[in-house]
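Since the structure comes first, as structure tokens, the remarks are kept for the end.
The values are calculated or read from the model by the stated rules, or taken from the named source; none is laboratory data. Being a predicted model, the structure only gives us computed values, none of them experimental. A quick note on method: Cβ atoms are made from the backbone with ideal geometry, for glycine too, and the neighbour counts reach across all protein chains shown.
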Ligand code: GDP
Ligand code: K
Ligand code: MG
């Protein structure tokens, strides 16, 4: 087995460090408050030294606005990781999946581990993991780190994905009016960015992300053409480009969560 590196990514308090400690035998600080992990930490899988895990700071997006987001984003886009294990708090599915949509755009294989299933199972909600996987287009596993359930399966799925020679690329697609604009930007970028990172760069340029603009250092002509595409789309949506994307992400997630969760009490009521 070749050496592989897996990034643990998720919102603050989703259970990344608990999982990291469990997998690597480390003793990193676990606490029920945000901002505990500000640096990334690496450790090797206890049972297989060829697999390295990176415990990244908790983040809500890859925008980046906070130091945590910058650390996580810089690490993820430099390609050191072979795959992402996205640790999601199952009791807060909708909020957590916002980051998932972004992780699916960076050109790395993603596996979603829905953690806290012990709490989810006690609550009145039922998460259909198969439907969630189908809707997202990436593998999804249920997990409870504190009950030590689903951990093995999560590691198995993500190492399988990391070892794929030609990983399949899946990411959410949005309103066709936005997709048309993204396609036009992608055409302008053709040959200028790695193919597997095309979605990431087109979206970031559409959002007028300063860091990506600087990184790519495109010619004035191309920058102008991109700006025209953005301006037309903003007119069509009557909204700013960044918030167009935010709204599209939330629309996607709202539908996905509706499709894949059942409130047991409401379900009972509708049957009676
Ligand atoms: P991080 O911020 O993502 O690194 O999350 P932590 O690992 O620090 O965990 C945040 C809190 O959630 C801690 O109090 C953990 O004990 C708790 N926690 C982690 N995983 C689970 C789980 O599967 N079930 C429950 N009930 N609590 C968990
Ligand atoms: K924490
Ligand atoms: Mg942590």
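Here is how the numbers come out for the structure above:
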{"read-out": "Criterion (more than 14 Å from ligand 1 (Cβ to nearest atom) and on the phi < 0 side of the Ramachandran plot) met by exactly one of 72, 81", "value": "81"}
{"read-out": "Among residues of region 42-65, those that are within 16 Å of ligand 1 (Cβ to nearest atom), in a loop (DSSP other than H, G, I, E, B) and farther than 23 Å from residue 96 by Cβ, counted", "value": "0"}
{"read-out": "From 180, 155, 141, residue being surrounded by 15 or more Cβ atoms within 10 Å (Cβ to Cβ), at pLDDT 95 or above and either over 18 Å from the mean Cα position of the chain (by Cα) or part of a helix (DSSP H, G or I) (or both)", "value": "155"}
{"read-out": "Options 58, 43, 25: the member that is within 14 Å of ligand 3 (Cβ to nearest atom) and over 18 Å from the mean Cα position of the chain (by Cα)", "value": "43"}
{"read-out": "Residue 13 within 15 Å of ligand 2 (Cβ to nearest atom), assigned to a loop (DSSP other than H, G, I, E, B) and on the phi > 0 side of the Ramachandran plot", "value": "yes"}
{"read-out": "Residue 146, sole failed condition from (1) assigned to a helix (DSSP H, G or I); (2) modelled with pLDDT of 95 or more; (3) surrounded by fewer than 18 Cβ atoms within 10 Å (Cβ to Cβ)", "value": "(1)"}
{"read-out": "Among the residues listed as 229, 257, 193, 212, the single one being touching a helix residue (DSSP H, G or I) at 6+ places or on another chain (Cβ under 6 Å) and not in a helix (DSSP H, G or I)", "value": "193"}
{"read-out": "Breaking point among (1) touching a helix residue (DSSP H, G or I) at 6+ places or on another chain (Cβ under 9 Å); (2) farther than 22 Å from residue 64 by Cβ; (3) assigned to a loop (DSSP other than H, G, I, E, B), for residue 165", "value": "(1)"}
